[in-house]
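Presented below is the structure to which this report refers.
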Amino acid sequence: MPYCVGLTGGIGSGKSVASDLFRSLGAAVVDTDEISRELTAPGGAAIAPIRERFGTQFIAADRGLDRARMRNLAFGDADAKRKLEGILHPLIREQAQAAIGAARQPYVIVVVPLLFETGACADLVQRSLVVDCEERVQVRRASERSGLTADEVRRIMAAQMPRAERLKRADDVLHNDGSIEALRRRVARLHAHYLDLARGA
């Protein structure tokens, strides 16, 4: 298996931008959010067990997951969140593992938004990288990108690991408060570091 770096961070921190920059430099990227979206799209492998567990009201007219309804349920009901994760996480892990095994690049960035919260896929990575920015920047970015209100974004942030704890657990931190050019330079430095680590693995 190739050398793997688990990339994580709070909502709106810039995980997708960072992973795209790593990909442009030659890293493989396995994004568990993308896998999750495929699993919950019309015809996805998670749709039948979600319908069975939660009912047809959580399946949209296109036969995919009704994401807004499920998000509201999961963030307000810890038991429902655990049940949803119990369906999704094994399927995500299976596909992530297959994608990692198929990678031919020098190393793999594995994007796992809840890497520390759930421990999902934690044993597949050798190192953790947190994309970090000020919380007010998170709120602004997430609101602009998703159409969620600032209060909804803060609610999601409150359900995630506190920023200070996430930073404490990180092997590496990628600061993303500034320009895309500054982020690009930081990613390039980390890319060189990860190439060295992969060679020595």
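Among the candidates S128, S143, the residue that is at negative phi, open to solvent by less than 60 Å² (accessible area, probe 1.4 Å) and out of contact with any strand residue (DSSP E or B) (no Cβ under 6 Å at 6 or more places or on another chain) is uniquely S143.
Determine whether the range 159-166 contains at least one residue that is closer than 23 Å to Y107 by Cβ and open to solvent by less than 60 Å² (accessible area, probe 1.4 Å).
yes
Scanning the range 11-21 for residues that are over 12 Å from the mean Cα position of the chain (by Cα) and open to solvent by less than 20 Å² (accessible area, probe 1.4 Å) yields one hit, L21. Just one of the listed residues (T56, T8) is open to solvent by less than 70 Å² (accessible area, probe 1.4 Å) and of a type in the set (S, T, Y), and it is T8. Against the list (1) in contact with a helix residue (DSSP H, G or I) (Cβ under 9 Å, 6 or more places away or on another chain); (2) hydrophobic (A, V, I, L, M, F, W, C); (3) part of a helix (DSSP H, G or I), the condition V173 fails is (3).
Of everything in the range 22-53, what is among the hydroxyl-bearing types (S, T, Y) and out of contact with any helix residue (DSSP H, G or I) (no Cβ under 8 Å at 6 or more places or on another chain)? Give them in sequence order. Give the steps one after another, and end with the answer.
From the range 22-53, those among the hydroxyl-bearing types (S, T, Y) are 24, 32, 36, 40; that's our starting set.
Result: S24, single match.
The set of residues in the range 65-87 being more than 23 Å from S13 (Cα to Cα) and in contact (Cβ under 8 Å) with a residue 12 or more places away in the chain consists of L65, R69, L73, A80, K83, L84, I87.
Here I92 does not fit the description of being touching a helix residue (DSSP H, G or I) at 6+ places or on another chain (Cβ under 6 Å), more than 25 Å from V131 (Cβ to Cβ), surrounded by 17 or more Cβ atoms within 10 Å (Cβ to Cβ) and hydrophobic (A, V, I, L, M, F, W, C). Does the range 22-33 hold any residues that are at pLDDT 95 or above, in a helix (DSSP H, G or I) and surrounded by fewer than 23 Cβ atoms within 10 Å (Cβ to Cβ), and which are they? Of everything in the range 22-33, those that are at pLDDT 95 or above, in a helix (DSSP H, G or I) and surrounded by fewer than 23 Cβ atoms within 10 Å (Cβ to Cβ) turn out to be R23, S24.
Tally time: how many residues in the range 167-177 are surrounded by 12 or more Cβ atoms within 10 Å (Cβ to Cβ) and free of Cβ contacts under 8 Å to residues at least 40 places away in the same chain? Quick ask: steps written out before the conclusion?
Within the range 167-177, the first condition is being surrounded by 12 or more Cβ atoms within 10 Å (Cβ to Cβ), and the residues that meet it are 167, 169-177.
Narrowing further to those that are free of Cβ contacts under 8 Å to residues at least 40 places away in the same chain: 167.
Residues flagged as surrounded by 12 or more Cβ atoms within 10 Å (Cβ to Cβ) and free of Cβ contacts under 8 Å to residues at least 40 places away in the same chain within the range 167-177 amount to 1.
Of the residues making up the range 95-111, not a single one is free of Cβ contacts under 8 Å to residues at least 24 places away in the same chain, part of a strand (DSSP E or B) and either buried (at least 18 other Cβ atoms within 10 Å of the Cβ) or over 19 Å from the mean Cα position of the chain (by Cα) (or both). Among the numbered conditions (1) over 28 Å from P2 (Cα atoms); (2) of a type in the set (V, I, T); (3) open to solvent by less than 40 Å² (accessible area, probe 1.4 Å), the only one that T149 does not meet is (3). Pairing residues of the range 40-64 that are in contact (Cβ under 8 Å) with a residue 24 or more places away in the chain and farther than 18 Å from A74 by Cα with residues that are part of a helix (DSSP H, G or I) and open to solvent by 30 Å² or more (accessible area, probe 1.4 Å), at Cβ distances under 7 Å and at least 6 apart in sequence or on separate chains, gives A45/L91.
The values are calculated or read from the model by the stated rules, or taken from the named source; none is laboratory data. Model, not experiment: these values are computed from the prediction. Note: ideal-geometry Cβ built from the backbone for every residue, glycine included; neighbour counts use all protein chains shown. Note: accessible area is taken over every heavy atom of the protein model, side chains too, but ligands, DNA and RNA are not part of it. Shrake-Rupley method; radii C 1.70, N 1.55, O 1.52, S 1.80 Å.
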